[in-house]
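Everything below concerns the one structure shown next.
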Amino acid sequence: MQNKTLVSFGDSWPQGSELRHGEKPFGKLLSEKLGCKDFNNYSMPASSINHLSVQLNSHIKSWNDRIQDLSDSIAVFFLTAQERFMVYEHHTNLWMFQTANTVNGGGRSPGQDKKLCDDTNQAYWKYIYSPELTDITTNNTIITLQSTCKYYGIKDYYIAGWQLINFWPVVDTTRIYKNGTVNCRDLIKGNAAEGSHPNQQGHQLISDALYEWIQTDAR
């Protein structure tokens, strides 16, 4: 796959949070093992499954701006926690992410008003969130990702983060690692940093699992 570019999407796990200087996230390790010519990482800490579509569109726009063939791309999507949601800050032109931890002061960017974040977060969980809504938005996003990748000829692969997802029958689970029955938390086998993210060994285990799977893909 010397002429391919591997692109990873997701949250702080594929982004490489808590890795030490010089250590590599699993996407970078995978790209090297596959012999890819390049690696691009669009992952952002605390981002949601919904936001994978935004990250993919950024990749498509970047490629189109350079008039390059997107079929050279191998995409790895990390299916993060389903209970996150996004708000768009017009004054900064940035997507901000709210999580269940926002009530306790987490999930905010520097400079964000804590009370506003807390009030917004509590209102979301009280009046908007439901398991049914989460199921719908999660599956709709994955269907959109798969159809978009098919349209552009991108070879797409998905792996569950630390939750198992109730996939709809219209989702092509053959493109999801172990059909979505195994997640990255299972793969790292306790190899985490002091916080909640994989250490270098954990990233290596995820990379190795993805490599073995991708090597057998006939697409």
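Assorted remarks:
- Rounded FRET efficiency, nearest 0.05, which uses the C-beta distance separating TRP162 from GLN2 and R0 of 35 Å: 0.60
- Virtual spin-label span in nm between ILE136 and LYS189, 7 Å along Cα→Cβ: 4.2 nm
- Note, ³J(HN,Hα) from phi for region 10-26, Karplus 6.51, -1.76, 1.60, rounded to Hz, x at Gly and Pro: x, 10, 6, 5, x, 5, x, 4, 6, 6, 7, 4, x, 7, 10, x, 4
- Under-5 Å amide H pairs with LYS155, H placed in peptide plane, nonlocal only: SER73, ALA75
- The slack between THR173 and ASP208, meaning 0.36 nm per residue of separation minus the straight C-alpha distance, is 10.6 nm.
- Exposure proxy order (Cβ contacts within 10 Å, fewest to most) of ASP172, ASP69: ASP69, ASP172
- Each part reduced to its alpha carbon centroid, region 179-198 and region 1-46 end up 16 Å apart.
- Taking the number of Cβ atoms within 10 Å of each Cβ as an exposure proxy, the fewest-first ranking of PHE78, PHE9 is PHE78, PHE9.
Every number in this text was worked out from the coordinates using simple rules, so none of it is lab data. Being a predicted model, the structure only gives us computed values, none of them experimental. When we count neighbours, we look across all protein chains shown, and the Cβ atoms used for this are built from the backbone with ideal geometry, even at glycine.
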